[in-house]
Structure formats: C-alpha cells, structure tokens
Amino acid sequence: MSDVRVIVVERDELVRLLEDAVRSAMESSASRDGWVDARTSPLPRRAFLKLAREGAFPASLVGNKFMARRRDVEAYLERQRVRPAAAAQERAELPSSPRLPAAAVASNDDPVAQALAAGRLRIVKGSK
C-alpha cells in the first residue's frame, strides 16, 4: 500500500506556493526573453506606456511604440509586490511545527519541499 500524507496549510501560504510554482515555470520558459509592447505586456496598456515614459523599466522607442523585455517588466512588477503585514503576523502566531532537516528537501525547485523544510507546512497524518 502507498504512503498517504495529509498536509495542512493556510490559504495564503497555498496561494504563495502556487504563485512561486507558476513564476518558476514561467522563468524557465523561452518566452521570458521576448519583447513586449503596451498590448502584450502583463501591465494594463496605459500603465505600461506611463511607466515606460517614466523609465520605471528599460524600454526602447521603436517607431511610435515602446518596447521592453518581458523579464524587465516582470522584475518591475515583482519589486512592487506588497505583502500584507496582517498575513505575515498571522503566520507568525501559528503554532510552530517541527522543521525538517535541510537534507530532507528533495529539490531546490520544489516549492512544497522548500515550505516543508522551512516549517511553513506541516504533515498531520501519515498512514502506511
């Protein structure tokens, strides 16, 4: 019979883990080095144009279009990320669970293994 485990995690932590996994997958894709304009960027059209004019990220004017590397726009967005203080405080108030040794982390690319190693996730039930 297989080893079944149940992992309990707060909603905010699950959202963060999913965001990290998606970001990791996007970073490894070839489209990461592509160029974007106001219509194809992850930002709203007017916001992209305003930020490009202000120099918030490196952009070039090609004809009458601003062009920027997707990774520069995404790096700008990452720098603007705000982590709510209340969510961080709630996580700090959770009862601590035993941490796994760093050697137990299977891969640096696995966000679930990293969260287990850091003690942000805990295994509450295991059966054989």
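Throughout, read-outs are computed from the coordinates displayed, never taken from laboratory work. Small disclaimer: the values here were computed from a predicted structure and weren't measured. Positions of Cβ are backbone-derived with ideal geometry, glycine not excepted, and every protein chain shown enters the neighbour counts.
Evaluate Rg over Rh across segment 34-83, taking Cα atoms for both radii and Kirkwood's formula for Rh.
Details: Rg = 10.1 Å, Rh = 10.7 Å.
Rounded to two decimals, Rg over Rh is 0.95.
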Enumerate the calculated ³J(HN,Hα) couplings along segment 20-25 in order (Karplus 6.51 cos²θ - 1.76 cosθ + 1.60, θ = phi - 60°), each rounded to whole Hz, writing x wherever the residue is Gly or Pro. 4, 5, 5, 4, 4, 5
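Once you charge only the Cβ atoms, +1 for Lys and Arg and -1 for Asp and Glu, what is the size of the charge dipole of segment 34-83 about its Cα centre, to the nearest 20 debye?
Charge dipole, segment 34-83, about its Cα centre: 140 debye, nearest 20.
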